[in-house]
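The values are calculated or read from the model by the stated rules, or taken from the named source; none is laboratory data. Nothing here was measured: the structure is a model prediction, and the numbers come from that model. Glycine also receives a Cβ, built like all others from the backbone with ideal geometry; neighbour counts cover every protein chain displayed. Just so you know, the surface numbers come from the protein's heavy atoms only, side chains and all, with ligands and any DNA or RNA stripped out. Shrake-Rupley method; radii C 1.70, N 1.55, O 1.52, S 1.80 Å.
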Amino acid sequence: MTPHISRKTRVAGATAAAAALLVAGITAAGTAGASPAPTAAPHGGAPLALSTSHHAELLQAATAATAQTAHALGLGSQEKLVVKDVIKDADGTTHTRYDRTYAGLPVLGGDLVVHSAKGGAVKGVTKAAEADVKVASTTAKIAPKAAALAAESTATKTIGAKKVDAPAPRKVIWAAKGTPVLAYETVVGGVQKDGTPNQLHVITDANTGKKLFQYQGIETGVGNSMYAGKVDLASKKGGSGYELTDDSRGGHKTFDLSGSESGDGKLFTNSTDTWGDGKPSNPQTAAVDAAYGAQQTWDYYKNVHGRSGIKGDGKGATSRVHYGKDYVNAFWDDSCFCMTYGDGQGNNKPLTALDVAGHEMSHGVTSATAGLEYSGESGGLNEATSDIFGASVAFYAKNPAEPGSYFIGKKIDINGDGKPLRYMDKPSKDGQSLDNWSADAGNVDVHYSSGIANHFFYLLSEGSGPKDANGDHYDSPTADGSKVTGIGRDKAEKIWFKALTTYMTSTTDYKAARVATVKAATDLYGKDSAEVKGVESAWTGVNVK
């Protein structure tokens with residue numbers, strides 16, 4: 001992997017400052033009562049662990065009420081809401097996340113979240129962009145082919161993509177910045193410089209041909225395992241042996257690409273239920289790490305946050321190992337709902353370490369919830385979210401062979417010098433990441449602007465100054481020299497998860513992330529709680545005020 005960890009995803013929104021808008025008198029988008037209510041969480045604002053059927057009922061009820069909700073929000077006659085997700089809290093509050101269309105066209109930057117109290121009264125609305133969505137005409141002046149050719153040129157010139165291929169673009173409304181306009185979204189295929197699949201999204205004004213925005217859909221970012229030691233794996237007995245299928249976790253499957261860069265690969269099977277030998281020369285070894293990582297990530301989200309699977313629908317993803325030759329990377333791809341891992345330099349260092357696996361699957365969670373646009377400050381928050389939850393998965397697993405750490409990518413030795421890929425206590429130790437926010441943060445590669453949120457999370461969890469844990473030495477500074485007292489990682493994880501799933505949108509930037517996490521901490525622990533003060537102090541510590 002390049003000094004990144006990645007994913008490929010569809011993103012419904014784009015970039016602008018997220019804002020909360022209080023609206024009175026809107027009927028709740030829907031709560032279903034057919035399923036038994038789950039056990040209440042200890043705090044009123046904590047998300048409930050919804051059963052798959054209860055979650056489906058909430059989605060169905062919200063979908064049935066979209067026209068009513070759109071009218072209550074004052075949306076225009078050509079605007080429609082599309083339900084994306086519903087979160088329900090212990091106190092009965094529901095957070096219904098919507099994408100939006102205009103005259104049947106997707107609105108990029110039109111996503112919003114309606115927060116409704118138990119009785120149905122709306123407590124607030126969080127929007128990706130505030131501008132009214134309307135355009136003079138949905139007839140484009142620029143031909144689709146012209147937009148596609150321009151997008152191919154952009155991919156070649158700006159990221160050095162090779163073998164570029166742009167299918168017909170889709171017509172959209174670009175509402176993420178300024179006045180909404182009719183636009184084309186072209187997704188350019190091919191490969192990036194390091195062999196990572198390319199999915200560059202180029203937004204072009206459909207009337208002038210001007211490029212409005214671009215972002216990369218691939219977000220680069222891990223039996224007898226190579227990294228985790230001897231582990232228990234869930235497998236499935238077949239007619240002539242066993243297969244790496246985990247029916248207890250939504251049917252997750254692990255496939256062997258055998259050096260290919262396309263296709264599904266071949267499902268791992270074995271005559272016995274013992275897999276791998278801990279050495280990279282055995283193809284099953286990387287599969288063990290990948291399956292174990294998926295297993296631990298599923299359990300983390302289920303047991304810590306009450307989320308059943310990446311999309312909260314109880315369905316498992318798939319993992320593909322042995323991608324390409326000497327491929328030093330890993331990525332999440334929403335289109336196949338799968339994680340893919342290269343074998344590293346010399347095909348001897350597969351990128352299947354536990355925190356990398358957690359990182360990749362967490363990109364899927366972000367896509368299914370806030371949909372943080374993978375560019376600018378929202379892209380940094382997207383990448384940091386995967387680092388935060390990747391580290392959290394490793395801490396959760398409590399595996400002595402792969403102990404939890406605030407150093408990301410310790411095991412994979414991606415730089416060949418034995419050093420981690422990223423440092424959450426002081427991100428700038430990698431030579432490129434940002435410790436603190438500045439006005440230029442949105443112009444920095446998302447893997448390095450992510451340092452701001454990673455640093456925030458470390459300060460919120462552990463506080464500033466020196467500290468030793470799990471064999472690692474940390475020493476975290478603050479932007480203003482202030483002392484920050486940590487509230488503990490367990491609480492910090494819950495605050496970030498709630499902020500991500502209920503208060504962030506596709507366009508959330510760092511200042512909006514501060515607002516979102518303060519709201520989340522208030523919901524979970526109370527308005528004047530030490531946790532809220534801790535969130536505020538940690539953000540100030542990274543110069544987000």
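When ranked by the protection proxy of mean other Cβ atoms within 10 Å per residue, highest first, what sequence do the peptides 249-257, 326-334 form?
Descending mean neighbour count gives 326-334, 249-257.
Where the accessible area of region 336-434 is counted over protein heavy atoms with a 1.4 Å probe, how much of it, in %, is carbon and sulfur?
Carbon plus sulfur share of accessible area: 47 percent.
Tell me the label only: which of (1) 33, 28, 25; (2) 37, 35, 27; (3) 91, 23, 17 is semi-axes √(5λ) of the Cα gyration tensor in Å as calculated from this structure?
Label of the calculated value: (1).
Under 10 °C and 1.306 mPa s, how fast does region 259-301 diffuse according to Stokes-Einstein, given a Kirkwood radius computed over C-alpha pairs? Answer in µm²/s, whole number. Each step should come with its number before you reach the end.
Details: Rh = 11.9 Å.
This corresponds to a translational diffusion coefficient of 134 µm²/s.
If you take every DSSP beta bridge fully contained in the chain, what fraction is antiparallel? Give it as a percent rounded to 5.
85 percent
Using just the helices of the chain, give the 222 nm mean residue ellipticity in deg cm²/dmol: DSSP H runs with n ≥ 4 each add -39,500 (n - 2.57), and the total is spread over all residues, rounded to 500.
On the way: 11 runs with 150 residues, N = 545.
Computed ellipticity for the chain at 222 nm equals -9000 deg cm²/dmol.
Summing Lys, Arg as +1 and Asp, Glu as -1, what charge do residues with Cβ under 9 Å from the Cβ of D475 carry, D475 excluded? Intermediate results must be reported in sequence, preceding the final value.
On the way: positive: K426, K467; negative: D425.
It works out to a net charge of +1.
Measure up K236/K411; K141/K171; K134/K545 against 22 Å on the Cα-Cα distance and list the ones that go over.
K236/K411; K134/K545
With a 1.4 Å probe and all protein chains left in place, how much accessible area per residue does region 95-135 have, in Å²?
Averaged over the residues of region 95-135, the accessible area is 31 Å².
Below 11 angstrom from the Cβ of G451, what's the summed charge of the other residues (Lys, Arg +1; Asp, Glu -1)?
-3
Sorted by packing (mean other beta-carbon atoms within 10 Å per residue), highest first, where do 239-245, 289-295 land?
The most tightly packed comes first, giving 289-295, 239-245.
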